[in-house]
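Visitor: The structure follows.
Read-outs: derived from the displayed coordinates by stated rules, not from any lab. Note that this is a predicted model, so its numbers are computed, not measured. In this analysis, Cβ positions are derived from the backbone assuming ideal geometry, glycine residues included, and neighbour counts consider all displayed protein chains.
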Amino acid sequence: MTASVRASSSDDLNPRPHKRLRHEFLESPNVAPCSGDQSHLHESSSSSLRRLPPATLLLSLPTLLVHPKNHKMHLQSLSYARHALKRCLALPSLEPVEECRAWAGLAELGMMWLDTGAEGLALDEVETALTKA
């Protein structure tokens with residue numbers, strides 16, 4: 001009776017997924033073995049990678065640095081992000097779009113700082129960033 005109740009695997013309406021195939025780490029053409037000379041790997045990967053422009057890197061840092069409000073390092077992360085944006089504004093050849101993004105980021109960080117109620121940030125600095133953004 002159990003044989004008649006059980007449907008064959010081809011007739012199953014909700015079949016189990018197949019197991020993933022295990023790929024060997026060393027079979028990848030871009031990965032060198034862990035032991036031995038890896039200088040050729042460094043040369044090939046550095047030629048395919050581009051350096052980020054300093055403005056792009058500094059404008060991206062606040063999104064990586066800022067912690068949530070309830071984190072114990074929230075104020076410190078805001079301070080580091082603010083420093084990165086100020087360094088970006090100090091760059092000599094800054095595109096107008098990048099400058100606008102930096103000022104808008106400074107204004108946003110300033111409002112986040114003021115929202116915490118902490119000291120150390122002047123209100124006029126936030127107002128300056130808002131007028132320039």
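Visitor: Shape verdict for region 53-133, please, from the Cα gyration tensor: rounded (a/c under 1.5), prolate (a/b greater than b/c) or oblate.
Guide: oblate
Visitor: Take peptides 84-92, 49-57 and line them up by average Cβ neighbours within 10 Å, highest first, as a rough protection proxy.
Guide: 84-92, 49-57
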